[in-house]
Amino acid sequence: MTLLTQLREIVGDNHVLTDIETAKYDHDWTGKYQATPIAVVRPASTQEVSDIVKICAAAKTAIVPVSGNTSLAGGTYGKDAVMISMERMNDIRDIRPDARIAIVGAGAVLSSIHDAADAHDLVFPLTFGAKGSAMIGGALSTNAGGSNVVRYGSTRGLCLGLEVVLPDGQIMNLMSELHKDNSGYDLKNLMIGAEGTLGLITSAVLKLFPKPRAYATAMVAVPAFSDALRLLNDLQAATGGLVEAFEYMDALYVADHLTMFPKARAPFEDKHDINIMVEVGATAPNLTDLQPDGTIPLVTLLEDTLGQMMEDGRIVDAVVAQNDAQRREMWERREAAGEVMLLRKTMINNDICVPVDKVDDFFERIDARLAELDPKALHSSVSHLGDGNIHFLLFPTKDDAQHIDVLTEAVEDVVLSLGGSFSAEHGIGLTKKPSMARRKDKVALAIMRSVKAAIDPDNIMNPGKVLPQTN
Ligand SMILES: Cc1cc2nc3c(=O)[nH]c(=O)nc-3n(C[C@H](O)[C@H](O)[C@H](O)COP(=O)(O)OP(=O)(O)OC[C@H]3O[C@@H](n4cnc5c(N)ncnc54)[C@H](O)[C@@H]3O)c2cc1C
């Protein structure tokens, strides 16, 4: 029997797609990577995934897992591979409000997990612009971050248990509901962030949190990033760590956003270089109960903190959302970043992280390097500033591969000189492999290769991703 016949026997004819039927899956979100796979297979159960993997393993055929296909690193490029789409394994199997856990299939879309948690007055806090398409298996595989990491941590910190189909088809059951489990090596956290190179995640146990009863949200303009950090630290101290989001947008991003969405409003009447969206969320009645004068203490607390900093000259402008529509407007501006970044061509998409008190240094040093290398290059940044994670988009004046490499290396030099990372939350995929080869600790790379060889000796799981070739 041919490979396709065997696959059809497992999932049925309708769920083995070939040629033109694979069009939805054959390119990534950015449009940079495109390849028609051998087939896209859509299993409905872990057993089916295991059977598919066994057949591909026997034929030594590459497997590329695909979920929402919103990877920004080329992680789902599927040339000469069988793509396994997790979209049918989207069940929200159980929500246990008292234990604050959700048990879900890997194909559950983030926004559907949000809705399911919300029905129990709980939140699953992982959120970012692609939440309507990205699936939890994809988010786990990239250890996605997003806008609420400052309070709740990255995806790795939000997952208690996993089920994984290994490259030989074995099903590994790590579906722990435990907050403590020291029984040997931490294989769950090895699989999280592995970008599908070590196995296929099929189910997960996720942590849920109480839903804030009130939010206070503001746009704030500050003179320097050190002032932004002071704002973050003051708010954390005043609220006991209730800052949910602390996001930065520069003046070019604000302008590009208005170009793309002409009906949107500017955040302030005046233009500012450092625009921060800050959100605090609380559950306790003393912060969230509506007062007789119509105020909410959490909002008053935010206004007082901003007012004090304004008096000290550490804030130049501030607008506090007065209702949910204004809050949503602030979030929409932030979450449009993925689309807005495509407005300008020839872009170097840096997803970097530096220590939170080194952000001023990063911009000073990179501006000095750019003045030497490409003085007319533009850059635009949108950042999860509370984590030191900067999406530093660079628009060089020349669309030339060698020039782009030089600028990319300059960014890496600056980031590493500050103790930072060239990959914060989007993963390595194909895009960041050169940086991985240049910058990752050589001992760490060798250990990663040994782990890959031990788990996937025939190199069939998402081959060519994450790990650079040895020389
Ligand atoms: C508009 C936009 C905004 C974004 N904002 C953020 C952000 O703020 N923070 C952030 O961290 N990321 C962000 N991202 C990128 C983010 O990494 C992805 O959106 C998401 O994590 C990937 O989920 P997905 O379901 O689309 O996975 P896919 O793109 O389908 O896959 C991602 C990787 O995981 C592998 N994979 C997929 N499913 C599985 C599985 N079940 N088992 C094993 N491997 C699997 C794939 O092979 C691939 O290597 C953004 C993307 C877009 C388009």
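The values are calculated or read from the model by the stated rules, or taken from the named source; none is laboratory data. Everything numeric in this text was worked out from a predicted model, so none of it was measured. As a convention, Cβ positions derive from the backbone with ideal geometry for all residues, glycine included, and neighbour counts pool all protein chains shown. All accessible areas refer to the heavy atoms of the entire protein, side chains included, with ligands and DNA or RNA removed. Shrake-Rupley method; radii C 1.70, N 1.55, O 1.52, S 1.80 Å.
List of remarks:
- Unique match (being touching a Gly at 6+ places or on another chain (Cβ under 9 Å), charged (D, E, K, R) and either away from the ligand (no atom under 16 Å from the Cβ) or outside the structural domain of residue 139 (by TED's automatic domain parsing) (or both)) among 24, 54: 54
- Tabulated pairs, region 408-420, first in the same structural domain as residue 369 (by TED's automatic domain parsing) and modelled with pLDDT of 95 or more, second assigned to a loop (DSSP other than H, G, I, E, B) and of a type outside the set (Val, Ile, Thr), C-beta under 8 angstrom, 6+ apart or interchain: 411/422; 412/422; 415/422; 416/422; 418/355; 419/355; 420/355; 420/388
- Verdict on residue 38 being within 16 Å of the ligand (Cβ to nearest atom), crowded, with 19+ Cβ neighbours inside 10 Å and within 24 Å of the chain's Cα centre (by Cα): no
- Close contacts from region 243-259, counting a first residue that is β-branched (Val, Ile, Thr) and a second that is modelled with pLDDT under 95 and open to solvent by 10 Å² or more (accessible area, probe 1.4 Å), with Cβ to Cβ under 9 Å and a gap of 6+ residues or different chains, come to 259/343.
- Residue in region 220-238 that is farther than 30 Å from residue 393 by Cα and open to solvent by 10 Å² or more (accessible area, probe 1.4 Å) present: yes
- Residues located in region 330-359, provided they are charged (D, E, K, R) and buried (at least 16 other Cβ atoms within 10 Å of the Cβ): 333, 334, 335, 351, 358
- The residues listed here are 302, 287, 306, 342; of these, the one that is at negative phi and in contact with a Lys or Arg (Cβ under 9 Å, 6 or more places away or on another chain) is 287.
- Residue list for region 191-235, filter: among the β-branched types (Val, Ile, Thr) and within 16 Å of the ligand (Cβ to nearest atom): 192, 197, 201, 202, 205
- Checking each residue in region 236-253 for being touching a strand residue (DSSP E or B) at 6+ places or on another chain (Cβ under 6 Å) and modelled with pLDDT of 95 or more picks out 236, 242, 243, 244, 245, 246, 247, 248, 249, 250, 252, 253.
- The one condition in (1) over 30 Å from residue 285 (Cβ atoms); (2) open to solvent by 10 Å² or more (accessible area, probe 1.4 Å); (3) not in a strand (DSSP E or B) that residue 127 fails to fulfil: (1)
- Some residue of region 151-165 being buried (at least 21 other Cβ atoms within 10 Å of the Cβ) and part of a loop (DSSP other than H, G, I, E, B): yes
- Of everything in region 186-217 that is among the charged types (D, E, K, R) and touching a residue at least 60 places away in the same chain (Cβ under 8 Å), the residue that is nearest to residue 140 (Cα to Cα) is 195.
- Within region 304-336, being under 27 Å from residue 234 (Cα atoms) and within 16 Å of the ligand (Cβ to nearest atom) holds for 330, 331, 332, 333, 334, 335.
- Within region 239-258, considering residues that are in a helix (DSSP H, G or I) and in contact with a His (Cβ under 9 Å, 6 or more places away or on another chain), the one farthest from residue 288 (Cα to Cα): 252
- Condition check for residue 31: open to solvent by 20 Å² or more (accessible area, probe 1.4 Å) and within 13 Å of the ligand (Cβ to nearest atom): yes
- Residue 455 vs. criteria β-branched (Val, Ile, Thr) and farther than 18 Å from residue 187 by Cα: no
- Residue within region 389-396 that is more than 24 Å from the chain's Cα centre (by Cα) and in contact (Cβ under 8 Å) with a residue 24 or more places away in the chain present: yes
- Candidates 364, 425: the one that is within 16 Å of the ligand (Cβ to nearest atom), among the charged types (D, E, K, R) and at pLDDT 95 or above is 425.
- Residue 107 meets all of the listed conditions (1) within 14 Å of the ligand (Cβ to nearest atom); (2) of a type outside the set (Val, Ile, Thr); (3) in the same structural domain as residue 36 (by TED's automatic domain parsing) but one, namely (3).
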